[in-house]
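For reference, the structure is listed below as structure tokens.
Where a number appears in this text, it was derived from the coordinates with a stated rule and is not lab data. Just so it is clear, the model here is predicted, and its values are computed rather than measured. A quick note on method: Cβ atoms are made from the backbone with ideal geometry, for glycine too, and the neighbour counts reach across all protein chains shown.
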Amino acid sequence: MRIWTLVLLAAASISQAGAAGPELTNLHPPGGQRGTAVKLALQGYGLTDETKVLSNIPGSFTPLTSASTGKMAGAQLLFLVEIRPDAPVGVYFIRVETHEGISNILLFSVGAFPEIAEAESEDDETKNANDSPESAQTVDAPVIVNGTLEGPERDMFRISARAGERIVFEVEARRAGSALDPVLHIFDAEGRPIGRNNDASGLGVDPRLDVVFDKTGDYFIEVYEARFSKQDRNFYRLKIGEFAFAEALFPLGWQQGGEVEVELSGGTLPAPVKVRPDISNLPPKADFAGVRAPGAPGALPMRFLVSDGPEAMEPVRPPGGTAALEPNTVMNGRISEPGEKDRYRLAVSPGENWFIELQSAELGTSELYGTLELYDSQGRPVAAAGYETGARHPNVVRARYRPNSRPVIALEIPSDLHELIVEVGDLLGQGGPGYGYRLTARRQAPDFLLTLDTPFVNIPLGGSALVTVTAERRGFSKPIQLNVHDAPDDLMVEGGFILEESDTRRTLRKFQKGILTISAKPGAKLRKLDLSIWGEAVADDGTVIRRRARGPGMITSISGLGQNAFTAPWLDLELPAAVRPRLPAVLEVLTPRYIRLGPGMTHAVKWSFQSREGGVEPPKEVSFVGNTGGQILATRPSEKEARKDRGTIVARTTERTTVTKLDVALSAQVKINGREETIYSPAIRFDIVQGYSIEPAAEVTSIQPGGIAELTGVLRREPEFTSAVNLEAQNLPLGVECAPLDLNPEENEFRLSCQAEKTATPGEYEIELISRSRLSGPRETSVPYTIGPLKMRMAVTQRTASSSENASH
């Protein structure tokens, strides 16, 4: 038998294809010049002649050829994409729809310059043809070169420049959905370096160099991957020419429908300029708008955050001075100088719950690695966030698992505290025009955010699709239930429980996964639709909290240790979905999908795999998928005992398993027409309960001084709990004793005999009934098991005259 512990789902491991719909693996080329017609090849799986292209590219798509293959690997469709001359320079999405569902998204860049291909990426016979200065490919500016990098490869290009000529060199890769982390290096004909850049301001991991050449001659441009890693999505776009760009913008965002002047600075701008972004007519759910530098086009727009609440600008104040921080209002500020600290006053009252949040570097448009510190009016530290190492205060917030995420503090105001000093700084002590931030303080209890790890989903008739959601707990520890808002009647949604967090410290941010399955009922209509995932939880005070899960737009997996997947939340998508025809294979749960399980117990989950058509290879294994927090172990038969069309997974709890709910699904990797696919069962819910419960026969047990009484009741066992239980009454009134009792496995009713001394003091007391048992452990051992004490009432009553006379005879 093999045993494994169920683990968290990782975003990068989630199948993007969802229930065997079409899949796009590559766009060739990955971009085109506006005002031109581009011959675009869509490559992937499941592409047929009936494929419909879904895109926001300003232009038209005309099919050129039929699909080169049907559902097999390597399918390709050719289109003539005619891009409008007035199309804004930017990144646009392409998705396809077929009879079998919708595909993932890939990004297509529209540029302002003529485009060519790197020669070696077009022809396998010319591989490594431009990997040295001697073999460098000659290009003429302005131009965009569409190339690829394979592992440790270096691509080189030759360009001629005049003395005093200014040329901007920029690589679009990660911003356009590539997995590459490119480096840009320029040197002259003698090999002397002119410039080198890895991560440029405002470009994430993409590089840029702005060069004014001091002499006429030939120069070499080298592009390579920073870690020399091999990536599946390995394209880049080398942009060479004269175009305007800014390196910093301020503020980083504003309220939708409002008016604000945005300052752009750096780059090719001789001085800061102000522009007014149009944020008045955005879609209702839009979170981002684009801001462009004035001047020659060519740069991608900078992302500008759009909010739905009031915003304010940091007021001018003397060095070291403070400004008022209004609740529920975003304060847009900037650390303008190295070592600067911005300080704000926040009026609070003892016992209030406050949530204070700082946004900066994670938005992609700020260089600030923000730190957030709270002090009282006397300068004594209260809490801090944003420090990844060390602990300057006893109350330091660390973002476990996700470095560089936004600093947040959930705080209950201590007694005698009526004002907080909120201090914002940079972790590295830096500052400048590009060090903007967004600071918010809200009077609210601990909270949570939800992010979809599933960018889209295809729901098969007679089958199920899996959706995974990450909950970011911001001091909130209670369970969260996920659901599909206004789910259509022909869809069935199951699962979605995110278990309670045991560590209730509010200074720790934690991330938990939850799954839900969506199944199409018999007769469901085949169609494309948009779904919205929400989470609901109940706070300590009974307040119901509802939060909408934000979609990733798309996901590009990045190979390498510790690399986070690329996502595009600025696409402003939630959960695009399609109901598709049934799959040629189905994974079914044969046993009930609601399971009550106590500690130390086991339950056999039986499954079957059915192939409905030819060309389907059965799975090598079937396993659970979901987040159980380590509460359940599972065993399955050895390979010799296993059958490919049916089997059993035995779920087992331990003595440490806590009372909760857990949702999992069955997952199987199968080959359908030679293509690896993942199929899922509907969700299975484990209701983890106590091995037994105790019910007293009476609310109050009465006993007289010098008398006897019995504590009676029933011990209700779960069907598979067969251990003996020891009962003992504790915290008894002074002068009262009760004899402990052992209940054998076949006994359920209990009677504990109690006796009171004559000196027992009358009154009503709270007592506890303690229970102890043992469970079978590994290697024929036993381990202790107990449940929480049962609170009971015992009344020592006054002795009556008759009882006194009887006692004297």
If you plug each phi of region 462-473 into the Karplus form 6.51 cos²θ - 1.76 cosθ + 1.60 with θ = phi - 60°, what whole-Hz ³J(HN,Hα) values come out, in order, with x for Gly and Pro?
-> x, x, 9, 10, 9, 10, 10, 10, 9, 9, 9, 7
Hits among aspartates and glutamates - C-alpha to C-alpha of K215 under 19 Å, sequence gap 8 or more where chains match = D140, E165, D188, E190, E242
Per its Cα gyration tensor (rounded if a/c is under 1.5, else prolate when a/b beats b/c, else oblate), region 592-723 is best filed as prolate
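For a test of the definition: using alpha carbon positions, the gyration tensor, and the 1.5 limit on a/c, classify region 236-345 as rounded, prolate or oblate.
Since a/c reaches 1.5 but b/c is at least a/b, the shape of region 236-345 is classed as oblate.
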Excluding residues fewer than 8 positions from K644 in its own chain, the lysines with Cα under 26 Å of it are K71, K606, K620, K671
Amide H within-cut-off set for G598, under 5 Å, with H built and near neighbours excluded | V689
Suppose R0 equals 41 Å; then what is the FRET efficiency for E165 and L428 from their Cβ-Cβ distance, rounded to the nearest 0.05?
-> 0.70
Using the alpha-carbon centroid of each, what span in Å lies between region 665-722 and region 446-499?
-> 24 Å
Between N198 and E122, what is the spin-label point distance in nm, taking each point 7 Å from the Cα along the Cα→C-beta axis?
-> 3.3 nm
State, to one decimal in nm, how far the label point of E764 lies from the label point of R652, with both points 7 Å from Cα in the Cβ direction.
-> 4.8 nm
Which whole-Hz couplings ³J(HN,Hα) result when phi for each residue of region 605-619 is put into the Karplus expression 6.51 cos²θ - 1.76 cosθ + 1.60, θ = phi - 60°, listed in order with x for Gly and Pro?
-> 9, 9, 9, 9, 10, 10, 9, 8, 9, x, x, 10, 8, x, x
Search the structure for amide H atoms under 5 Å from the amide H of Y369, placed 1.01 Å from N in the peptide plane, and list their residues when 5 or more places away or on another chain.
-> L427, L428
Fully extended, how many nm does the chain gain between L78 and R596 (0.36 nm per residue separation, minus their Cα-Cα distance)?
-> 181.1 nm
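Output the Kirkwood hydrodynamic radius of region 510-605, Cα pairs only, in Å rounded to one decimal.
The answer is 18.2 Å.
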Dipole of region 94-219, positive end: most advanced residue of I144, I194, M156 [Cβ charges, Cα centre] = I194
Counting only DSSP beta bridges fully inside the chain, the antiparallel percentage to nearest 5 is 85 percent
If R0 is 41 Å, what FRET efficiency do you get for A698 and S377 from their C-beta distance, rounded to 0.05?
-> 0.15
Tail fraction, Cα-Cα pairs, region 454-551, threshold 16 Å, whole percent = 58 percent
In terms of modelled amide H atoms, which long-range or inter-chain residues lie less than 5 Å from the amide H of E352?
-> I413
Among A119, H99, L666, pick out the residue whose Cα is farthest towards the positive end of the charge dipole of the chain, where Lys and Arg carry +1 and Asp and Glu carry -1 on C-beta, about the Cα centre.
-> L666
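Only helical DSSP H runs with n ≥ 4 go in: add -39500 (n - 2.57) per run for the chain, normalise by residue count and round the 222 nm mean residue ellipticity to 500 deg cm²/dmol.
Working: 2 runs with 12 residues, N = 809.
Value at 222 nm, helices only, nearest 500: -500 deg cm²/dmol.
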Place the peptides 228-234, 100-106 in order of packing, highest mean first, counting for every residue the other Cβ atoms within 10 Å and averaging per peptide.
-> 100-106, 228-234
Karplus-derived 3J(HN,Hα), 6.51/-1.76/1.60, for each residue of region 526-543, Hz, glycine and proline x | 6, 5, 9, 8, 10, 10, 10, 9, 10, x, 10, 8, 10, 6, 4, 8, x, 5
How much length is gained if the chain between T786 and E326 is pulled fully straight, taking 0.36 nm per residue apart and subtracting their Cα-Cα distance, in nm to one decimal?
-> 160.6 nm
First measure r as the distance between the Cβ atoms of E747 and V544, then evaluate 1/(1 + (r/R0)^6) with R0 = 41 Å and state the FRET efficiency to the nearest 0.05.
-> 0.45
Please give every one of the aspartates and glutamates within straight-line cross-link reach of K513, meaning a C-alpha to C-alpha distance under 18 Å, and leave out same-chain neighbours fewer than 8 residues apart.
-> D447, D453, E472, E494, E500, E501, D503, E536, E574, D663, D687
Stretched fully, the stretch from F228 through E720 gains (0.36 nm per residue minus C-alpha distance, one decimal, in nm) 171.5 nm
Once you put a point 7 Å from the Cα of V275 and another 7 Å from the Cα of E737, both along the Cβ direction, what distance in nm separates them?
-> 8.7 nm
About the Cα centre of region 714-790, what is the dipole size in debye to 20, counting +1 per Lys and Arg Cβ and -1 per Asp and Glu Cβ, all else neutral?
-> 140 debye
Would you work out the charge dipole size for the chain about its Cα centre, treating the Cβ of every Lys and Arg as +1 and the Cβ of every Asp and Glu as -1, and quote it to the nearest 20 debye?
-> 1180 debye
Can you give me the Cα centroid spacing of region 725-792 and region 303-332 in angstrom?
-> 60 Å
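Where does the chain land on Rg/Rh, using Cα atoms and the Kirkwood Rh?
Value, to two decimals: 1.06.
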Could you pull out which residues in region 471-489 have an amide N less than 15 Å from a spot 7 Å beyond the Cα of E536, following the Cα-Cβ vector?
-> 479-488
